[in-house]
Amino acid sequence: GPGQAAMYAGLQELGVANGEDLKETLTNCTEPLKAIEQFQTENGVLLPSLQSALPFLDLHGTPRLEFHQSVFDELREKLLERVSAIALEGKVEERYKKLEDLLEKSFSLVKMPSIQPVVMCVMKHLPKVPEKKLKLVMADKDLYKACAVEVKRQIWQDNQALFGDEVSPLLKQYILEKENILFSNDISVLHNFFSPSPKTRRQGEVVQKLTQMIGKNVKLYDMVLQFLRTLFLRTRNVHYCTLRAELLMSLHDLEINEICTVDPCHKFTWCLDACIREKFVDNKRARELQGFLDGVKKGQEQVLGDLSMILCDPFAINTLALSTIRHLQDLVGQDTLPRESPDLLLLLRMLSLGQGAWDMIDSQVFKEPKMEAELITKFLPMLMSFVVDDHTFNVDQKLPSEEKGPIPYPSTIPEAFTKFLQENRIACEIGLYYILHITKQRNKNAFLRLLPALVETFSDLAFSDIFLHLLTGNLTLLGDEFALEEFCTSLFDGFFLTACSRKENVHRHVLRLLLHLHHKVAPAKLESLQKALEPTKQSGEAVKELYNQLTEKLELRKPSPAEATETPSMELTLPTVPTPASR
């Protein structure tokens, strides 16, 4: 049948008899048994010592095929070992010449399943498989599939479209994995999107697969970077920037110097990676990073496009923003102005380079974005004044109260603060991180004071997934406040619900939060929220699914009518002691 034909494909070209030849011999002969014996002698294993052993195997009922198969398997193993050995011995030119000759002899048998592994092994060890052979492999789906990655790399490097087809599903998977973490149902302040260390992240399946596909091939590495740049431009999705850095650092971990030494971002990324690991930019590393930025030479400005993409990675932004908030607090203690702190200015410079990545790569104008003076002279001092307000309020609380009564917490925010959050990207990013910071400190007063400024922010940053993921995590620390009508109205009606109907992702994050905290929310408020959050016809599957989960949970909580009318039990309830706010 056709299967048989494939099994012996290519034998005739080598002058080796196959089933067709036997059929022909038998059709044209007078004594079939003699003809078969002769065919066996001519095409059997040519070892004199075997001639007497074969009839002995026949007596034991061992079919010749089984015997030949086991001899063949043994020989094939030996041949595979030999090929791998040839690839390592002797002078480079000689060993490759041997392998090329072997490939020339064996390639016609590449379709024979029994021989294919040998042919594949020969190709795998050739640094340059002849173009003609690569074309044949490429034209045949099954052969291409069976190829070692070493051979595929040689095919890919001259076929960007084919390589793109292989890489594309991996990139989709990567983005999906990131989004699944951001929308995960586990809400926690300890385990969030930014918890895994860089080393752990690089062990992820997609990064490992891409690293394996690239090997030491600079051309393929460049192609992947080109794909990432293009996708980042097309979608503005910052997770592509994370992958850009992770891929480089994965090659760094494996000490693939062929690539690391030619990527001009290598040392900068390596240094930044250490900062991300510590979630802080210390002074020594700050100097080092500054050295790289200052060292960009005339004519090499294009590297700024790459550096900006590395700095646009959310893990880098997170580290820079956290470090900025820490610096501002230190400055309050030292009575120093932001413009007098070189370390702070460097953090802002890197933040603006990262935040300007998309514009720079889009416009192909490679120069550092100009920092707005007002950010340093007005906005940051304003944040520092909020820190001071908190200190003052806390000290006031501790003083013996005179006739004047307790001093209320400042409730208004300067109009300038709201304006900065709307109009200045860096101010907005730092402002949002400041709000995350006070939430994490369980500072309800400061949180409620600044929350109204979040309704309208620069390109809706306060409704971005990363911010909402972090905010919902930090809000679990204020869990007890959800019993208060005023708090819920500020948070839900004043903030979340303003965007729910126009932004599906906000709808999802609110449902995530309620799934986690519904038992803390005042019942009347919970009921009105349940109505407000009901999915519409336009809502996606994820929203419907979350809403159903929430409804199920709330059904379980409702007491049955009988329980509701029972006499209250005489249990003594202990007064709840408020926990001291962790500062």
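The values are calculated or read from the model by the stated rules, or taken from the named source; none is laboratory data. None of the values given here were measured: they were computed from a predicted structure. Don't worry about glycine lacking a Cβ; one is built from the backbone with ideal geometry, like all the others, and counts go over all protein chains shown. Note: areas computed on protein heavy atoms with side chains; ligands, DNA, RNA excluded. Shrake-Rupley method; radii C 1.70, N 1.55, O 1.52, S 1.80 Å.
Tabulated results
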| quantity | calculated |
| --- | --- |
| Net charge dipole size for segment 160-374 [Lys, Arg +1 and Asp, Glu -1 on Cβ; Debye, nearest 20] | 240 debye |
| Cα-projected label distance for Leu88 with Glu485, points at 7 Å along beta-carbon direction, nm | 8.0 nm |
| Distance between segment 343-389 and segment 175-240 - C-alpha centres, whole angstrom | 26 Å |
| Förster radius 41 Å - calculated FRET efficiency between Glu24 and Leu254 (Cβ-Cβ, nearest 0.05) | 0.15 |
| J(HN,Hα) series, segment 537-552, from Karplus relation 6.51 cos²θ - 1.76 cosθ + 1.60, nearest Hz, glycine and proline x | 4, 7, 4, x, 4, 4, 5, 4, 4, 4, 5, 5, 4, 5, 4, 4 |
| log₁₀ of I(q)/I(0) at q = 0.12, 0.16, 0.18, 0.19 Å⁻¹ - segment 285-431, Debye sum with one point per alpha carbon | -0.58, -0.91, -1.09, -1.17 |
| Exposure of Asp335 as accessible area (Å², to 10), given a probe of 1.4 Å and all protein chains | 140 Å² |
| Solvent exposure, largest accessible area first (probe 1.4 Å, DNA, RNA and ligands not counted), of Trp270, Trp358, Trp156 | Trp270, Trp358, Trp156 |
| Accessible surface, 1.4 Å probe, highest first, among residues Thr472, Thr25 | Thr25, Thr472 |
| Hull-based mean projected area of segment 160-374, where the convex hull spans the alpha carbons, in square nanometres | 13.1 nm² |
| More than 26 Å apart - percent of Cα-Cα pairs taken over segment 154-275 | 20 percent |
| Gyration tensor over alpha-carbon atoms, segment 248-320, equivalent ellipsoid semi-axes in Å | 18, 17, 11 |
| Expected-Rg normalisation [2.2 N^0.38 Å, Cα atoms] applied to segment 457-518 | 1.06 |
| Volume per residue of the C-alpha convex hull in segment 442-563, rounded to whole Å³ | 106 Å³ |
| Of the trypsin sites (Lys or Arg not before Pro) in segment 108-138, those whose Cβ has at most 15 other Cβ within 10 Å and which sit in DSSP loop | Lys128 |
